[in-house]
Amino acid sequence: MGSPPFRWTSSALVPSLVVALLLSACAHQDPTKPLAASSTRPAPADAYQFANRLTWGANLAAFDQAEAKGLPGYLAQQLRPGPATLPPAVQQQIAAMTISQQPLVQLATDMEKRQKDVNATFANDDDKKAAQQAYQQEMNRLGREAATRHLLRALYSPNQVQEQMTWFWLNHFNVHLYKANLRALVGDYEDSAIRPHALGKFRDLLGAVAHHPAMLRYLDNEQNAAGSINENYARELMELHTLGVGSGYSQQDVQEMARILTGVGYSFNPDAPKLRKELQADYVRNGLFEFNPNRHDYGPKTLLGQPIHSRGLAEMDEALDRLARHPATAHFISRKLAQYWLSDNPPPALVERMAQSFLHSDGDIAVTLNTLLSSPEFAQGAGQKFKDPMHYVVSAVRLAYDDKPILNVGPMLNWLNRMGEPLYGHQTPDGYALDTGAWASPGQMATRFEIAKAIGSGNAGLFKTDGPQPLEKPAFPQLANALYYRAVAQTLGVNTQQALAQATSPQEWNSFLLSSPELMHR
């Protein structure tokens, strides 16, 4: 006799049973039939699943667009998006942020000065401690603003592929916000270095990252100077950002890349350094970014078997050109994209086609993604990719509240912290893991059930603000809605349908749906 059907009751809140039930969500889901490849109106289930995979999680608006435009049309719109229009209440939240109102140079310089004043002004230990605590609280607030803005855009921007790719590249070019003053820098790092290039040319993205003080400070390149080489950024630039491990570069190449990067850094001093006359023309300053020729190694260099012909900062540009256009980079980036979007172990033939698209388009990210997202392998791969914490949290809130603006992302930030994937929170340069094994432990699954219960019951605190509280508590979300009956229900397995049928209240029904195996995958 077979095993009993997958079943939830109120007793499922017992932790050990919750874990046992939810671990079934980690099981590989059978792919659905291929999604429609024509511009004809797709079946509702196909439109829902396609939208669910291209977005941070399907909601009614995304489903309607995918159904109306057809899958190829919806994909084309997502890959070449126009300006994003956010709900007014969301845009107002973002516009009120310090990181939206103050330019990076002003903000970072003010915070740098404030830290120095703390160390220089207060002789009394208690006063100094209080001032240092106030400084750290302000830095934490700036980091929280950046994370809040990121989540609001993930929830409400219509340009969902761009939003996913912004997260992807932030993870690829990872920096840790609690190093030095990065809490004052990460908002601009995302907004000026990552987001504008998330679907553009990889070389432009690579260059924007290399010029941003967040990356240069995180990987210590301000310490890299002729006669005092620091290889940190050079090593990660080749190992994690471009070529990848095992691609044929040597330790000598890392050392040469580090020499190329000498003098590349940032400065909070508005005045240029004193330079010898013959070096003055090589000095570069753009915002906080600074190339200081006094610190640069002007000796001859060879990278990947070829000489570097340029001089000064142009050496970095020549090196980045070489790295960005290398076949190893095309394969490394393509496989990582396929792992993020499709499966932990993407088909090698698909990765090869993506790499060729990358090379032939001079590293056009949207072209490379189109090869992936319009492929037969992707069409047949629905349900193969297990959601990491960011995908789970954002998709659950999008499904629950559609385009209704939440007032407080604090619970979402806390959930991400609990599950080990806070924004800008990975300490090492490799970023968060993209495979199922990193996120499917029993503890993780139990936490997801708690999140599903909080959202499903309306008790998550997403509409709680710091000001006076409304007398009327926001109602719990209505997940048994038009989207559910038109599309979501068609994608659920028998066990999940049986569990939903046994729910004893609408809130419990919501919790069961949000913690079902199908909603753990995309």
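Some notes on this structure:
- Filtered by the rule that a residue be of a type in the set (S, T, N, Q) and open to solvent by less than 40 Å² (accessible area, probe 1.4 Å), segment 214-238 gives Asn221, Asn224, Asn230.
- Filtering segment 273-307 to residues that are open to solvent by 20 Å² or more (accessible area, probe 1.4 Å), touching a helix residue (DSSP H, G or I) at 6+ places or on another chain (Cβ under 8 Å) and closer than 24 Å to Arg325 by Cα leaves Thr302, Leu304, Gln306.
- Taken over segment 357-381, the residue count meeting the criterion of being free of Cβ contacts under 8 Å to residues at least 24 places away in the same chain and part of a loop (DSSP other than H, G, I, E, B) is 1.
- Taking the criterion of being surrounded by fewer than 19 Cβ atoms within 10 Å (Cβ to Cβ) and part of a loop (DSSP other than H, G, I, E, B), the residues of segment 403-414 that qualify are Asp403, Lys404, Pro405, Leu407, Asn408.
- Long-range neighbours under 8 Å by Cβ, at least six apart or interchain, first residue basic (Lys, Arg) within segment 312-332, second part of a loop (DSSP other than H, G, I, E, B) and open to solvent by 10 Å² or more (accessible area, probe 1.4 Å): Arg322/Leu304; Arg325/Asp362
- Residue match in segment 320-332 (condition: hydrophobic (A, V, I, L, M, F, W, C), within 30 Å of Ala366 (Cα to Cα) and open to solvent by 30 Å² or more (accessible area, probe 1.4 Å)): yes
- Any hit, segment 382-392, residues being open to solvent by less than 20 Å² (accessible area, probe 1.4 Å), more than 17 Å from Leu199 (Cβ to Cβ), at pLDDT below 95 and part of a loop (DSSP other than H, G, I, E, B): yes
- When residues of segment 333-345 are limited to those that are touching a Gly at 6+ places or on another chain (Cβ under 9 Å) and within 19 Å of Ser247 (Cβ to Cβ), the one least open to solvent (accessible area, probe 1.4 Å): Ile333
- Sole exception among (1) surrounded by fewer than 16 Cβ atoms within 10 Å (Cβ to Cβ); (2) assigned to a helix (DSSP H, G or I) for Ala154, by number: (1)
- Among the residues of segment 239-248, those identified as in contact with a His (Cβ under 9 Å, 6 or more places away or on another chain) and open to solvent by 20 Å² or more (accessible area, probe 1.4 Å) are Leu240, Ser247.
- Long-range neighbours under 8 Å by Cβ, at least six apart or interchain, first residue open to solvent by 70 Å² or more (accessible area, probe 1.4 Å) within segment 72-92, second assigned to a helix (DSSP H, G or I) and of a type in the set (A, V, I, L, M): Arg80/Ala366
The values are calculated or read from the model by the stated rules, or taken from the named source; none is laboratory data. Given the structure is predicted, the values throughout are model-derived calculations rather than measurements. Methodologically, a virtual Cβ is constructed for each residue, glycine included, from the backbone with ideal geometry; neighbour enumeration extends over all protein chains shown. The protein model used for the area step is the full one, side chains on, heavy atoms only, and it has no ligands, DNA or RNA in it. Shrake-Rupley method; radii C 1.70, N 1.55, O 1.52, S 1.80 Å.
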